[in-house]
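These notes concern the structure reproduced below.
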Amino acid sequence: MTPLERYLAVCNGQLPDRAPVSPFIMQFAAHVAGVSYRDYCLYGEVMARAQMMCVKKFGYDSVNVTSDAVREYQALGGPTADFGEESVPAAEPVPFINDVDDLKRLRLPDPLGDNPMREQITALKILLHELPEQPVYAWVEAPFQESCILRDINYFMVDLRTNRELPREILKFVVEMETEFAYAQIEAGAQFIGIGDAIASLGSADDYAEFNFPYLSELVDRIKARGAYIKYHACGRTKHIWKYIKQLNIDILNLDSLIDFAEAREFFGDKFVLKGNLNPITEMMDATPEIIHTASKRSFEQAGAHGKFILSPGCELPPSTPYENLEALVESARLYCSYATKDEGRTTNAS
Ligand SMILES: [Zn+2]
């Protein structure tokens, strides 16, 4: 099977030959390609070339076009802190939006305009063209995550308790912006879209219910209506918001290593493809191939034995991960995450 066939199988409840293996790779790819992370973020061609070099070198099953969380914020004119050649771009630590009037002055950016969103779409188009047998993840930020960037996270979290109108207005604006960005990427050919909600677990369950879920699910439903598969990722300990996540119309849930994968499978049943969940530090960057094999077996047994599983670290692959460790992860999918040997190539519904 090709990587794309493997991905479509797991997303549609069928057993592939083996589970896809899809580490989430950004800085590591720039490292492999020998380009600065600044150029990787700034130029779509550089990003695409680095993603291609990396996937061809290691043979895992997907590529992606995300690099940082401030692309949309920059397209709106948000100032970024002066980041060095190798650091991840970040917003200046002051609010870009201070009140509803600031928000009214903003216009939705054109994803194909002269801005960083267009560079991401450039990378997407190159990868879709050059790697037709590979799933290519397009990318948008979750409304809660992006709103925290526009308002500054410290102010935003205080607003949730003191000034509830402003966060709601920012969230509404962001849903429209991310919808346009997602639509532009689908029009460019994207079949898979990742939604990044790294800080979703910072708030309480009630915060998620009121300020995250309604806006996120609106975005998810709009993307699904255009036919794309969705991967959702929130970092850290997410168990307190699982009951809401379970209601999302997503396909793939990428869970962090801090949660118990067996417990997650029991809670979510076969509703989602579960993606994860090796510890990026202790079971990837600082691990031995033996540790990686053991951890991969554990993840597969806990969440993948009956299908609907993608092997990966729980979060981004650290850029200084030794090459042999990524090779060990890819090898683990072949050795320990095979369905063909268990079921003689059975491709009936896995659920
Ligand atoms: Zn994460």
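Readers should treat all values here as calculations from the given coordinates under stated rules, not as data from a laboratory. Computed from a predicted structure; not experimentally measured. Backbone-built Cβ (ideal geometry, glycine too); neighbour counts: all protein chains shown.
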Self-check item: Percentage relative contact order, region 3-137, counting C-alpha pairs under 8 Å, at least six apart
Solution: 29
Self-check item: Value of relative contact order over region 3-343, rounded to a whole percent, pairs C-alpha under 8 Å and six or more apart
Solution: 20
Exercise. Would you work out if region 139-290 is rounded, prolate or oblate? Take a ≥ b ≥ c from the square roots of the eigenvalues of the alpha-carbon gyration tensor; rounded if a/c is under 1.5, else prolate when a/b is larger than b/c, oblate otherwise.
Key: oblate
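For the chain, what are the DSSP H helices with axial Cα length of 30 Å or more and mean Kyte-Doolittle hydropathy of at least -1.0?
165-187
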Quiz item: What pairs from Lys246/Lys308; Lys246/Lys297; Lys172/Lys239; Lys239/Lys308 go past 18 Å between their alpha carbons?
Solution: Lys246/Lys297; Lys172/Lys239; Lys239/Lys308
Self-check item: the chain - mean residue ellipticity at 222 nm from DSSP helices (-39,500 (n - 2.57) per run, n ≥ 4, rounded to 500)
Solution: -13500 deg cm²/dmol
Practice problem: Please report the orientation-averaged projected area of region 284-325, defined via the convex hull of its C-alpha atoms, in nm². | Solution: 3.1
Quiz item: Once fully extended, how much extra length lies between Asp286 and Phe83, figured as 0.36 nm per residue of separation less the alpha-carbon to alpha-carbon distance?
Solution: 70.4 nm
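May I ask you to derive the relative contact order of region 237-309, considering only C-alpha pairs under 8 Å and at least 6 residues apart, and to give it as an integer percent?
Numbers: 70 pairs, mean separation 23.0, N = 73.
Normalised by residue count, the contact order of region 237-309 is 32 percent.
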Quiz item: Which value results when the Cα radius of gyration for the chain is divided by 2.2 N^0.38 Å?
Solution: 0.95
Quiz item: Which of the aspartates and glutamates could a cross-linker bridge to Lys125, judged by Cα under 13 Å and excluding same-chain residues fewer than eight apart?
Solution: Glu45, Glu187
Quiz item: Considering only the chain, what is the antiparallel percent among its DSSP beta bridges, to the nearest 5?
Solution: 10
Quiz prompt | region 252-292 versus region 180-206: alpha-carbon centroid distance in Å | solution = 20
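So which GluC sites (Glu not before Pro) in region 42-124 end up in coil per DSSP with only 14 or fewer other C-beta atoms within 10 Å? Intermediate values should be presented prior to the final figure.
Details: sites: Glu45, Glu72, Glu85, Glu86, Glu119; in loops: Glu85, Glu86.
Answer in residue order: Glu85, Glu86.
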Quiz item: Is any residue of region 195-235 close enough, with backbone N under 11 Å, to a label point placed 7 angstrom from the Cα of Arg164 along the Cα-Cβ axis, and if so, which?
Solution: 207, 210-211
